[in-house]
1. Of these, 290, 299, which one is at pLDDT 95 or above and in a loop (DSSP other than H, G, I, E, B)?
2. How many residues are over 30 Å from residue 160 (Cα atoms) and either surrounded by fewer than 17 Cβ atoms within 10 Å (Cβ to Cβ) or over 20 Å from the mean Cα position of the chain (by Cα) (or both) if we restrict to the stretch 60-109?
3. Residue pairs, Cβ under 9 Å, 6 or more apart or interchain, first in the stretch 113-124 and in a helix (DSSP H, G or I), second surrounded by 10 or more Cβ atoms within 10 Å (Cβ to Cβ) and modelled with pLDDT of 90 or more. List them.
4. Between a residue in the stretch 286-299 that is under 16 Å from residue 63 (Cβ atoms) and any residue that is modelled with pLDDT of 95 or more and assigned to a helix (DSSP H, G or I), which pairs come within a Cβ distance under 8 Å, given they are 6 or more apart or on different chains?
5. Quick one: residue 152 ticks every box in (1) in a loop (DSSP other than H, G, I, E, B); (2) free of Cβ contacts under 8 Å to residues at least 24 places away in the same chain; (3) within 19 Å of the chain's Cα centre (by Cα) except a single one, so which number is it?
6. Identify all residues within the stretch 238-265 that are part of a helix (DSSP H, G or I) and either in contact with a strand residue (DSSP E or B) (Cβ under 7 Å, 6 or more places away or on another chain) or closer than 13 Å to residue 217 by Cα (or both); write none if there are none.
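The values are calculated or read from the model by the stated rules, or taken from the named source; none is laboratory data. The structure presented is a predicted model; accordingly, all values stated were derived computationally and were not measured. Cβ atoms come from the backbone with ideal geometry, glycine included; neighbour counts cover every protein chain shown.
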């Protein structure tokens, strides 16, 4: 049977996915017609979705067996009352590898104090020797797929890694804490803090002035997760007060980050423009094809979103 798949995403993404998605479906043995047109929605079997593609009402897609997101973050769509079909977020090898590279690169940059040399404008014979990784504590808030692989990579470099999640986790090589009671001791020990939580009502503004005050003086904040996780004004105040030593931020409440935002000019802020990790069309297409194959075979979908938790 020929399946009909709607690709609902910005035009630029269709140009990137057109060939890899067709190839991945063919390799999975799936006969499918991919369309970008929303006519005859009751004939669509699957929706491949990214925000800003024009689709906001899922109710006409009465035959659709799943909505397959191209993004890891699904907070923009989980609350949509018209979305009654199973929703799957994107987790692919390219996304994980990119995040691990960004996180480990930034952690090592701050652990080794490389800015002292990279940013020096003249002779700078500074022989301060950094501690070994085993003597530095890095905390990772969020132990989903991206948080876990990043924490594992840091532990492999012999950092002492603390992990925190809303619910209990047990991960080899990681000292795991959870829940409200577990957060403060993790923050109090975090010389370098990495935020990789999903955006949910419970995590919005999680890192506010009070919780920033729990960090060791001079701690470094890395946020490649979600811009809404931090109180931006509180972060700036903590930097100015010396509570934070540096903030390296990849995600923001408003993107692109406005040119007049104080993060751009602050001497202890590094801005990277939401490039910590990006979904790669080739590997993501294989995840989409595998979920279509699973649904057609009556198997459990990969990375299905728990609506109650929001991820």
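1. Numbers: 290 fails: in a loop (DSSP other than H, G, I, E, B).
Selected residue: 299, the only one of 290, 299 that is at pLDDT 95 or above and in a loop (DSSP other than H, G, I, E, B).
2. So the answer is 16.
3. Cβ pairs passing all conditions: 115/109; 115/246; 115/270; 118/109.
4. Sorted first by the residue in the stretch 286-299, then by its partner, the pairs are 292/25.
5. For residue 152, the failing item is (1).
6. Within the stretch 238-265, the first condition is being part of a helix (DSSP H, G or I), and the residues that meet it are 238-240, 262-265.
Matches in the stretch 238-265: 238, 239, 240, 263, 264.
Residue-wise test of (1) closer than 22 Å to residue 93 by Cα; (2) not assigned by TED's automatic domain parsing to the domain that holds residue 98.
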site	(1), (2)
259	no, no
264	no, no
289	yes, yes
293	yes, yes
308	no, yes
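Matching residues to (1) surrounded by 15 or more Cβ atoms within 10 Å (Cβ to Cβ); (2) at pLDDT 95 or above:
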site: 111; (1), (2): yes, yes
site: 125; (1), (2): no, no
site: 134; (1), (2): no, yes
site: 138; (1), (2): yes, yes
site: 142; (1), (2): yes, yes
site: 157; (1), (2): yes, yes
site: 168; (1), (2): no, yes
site: 174; (1), (2): yes, yes
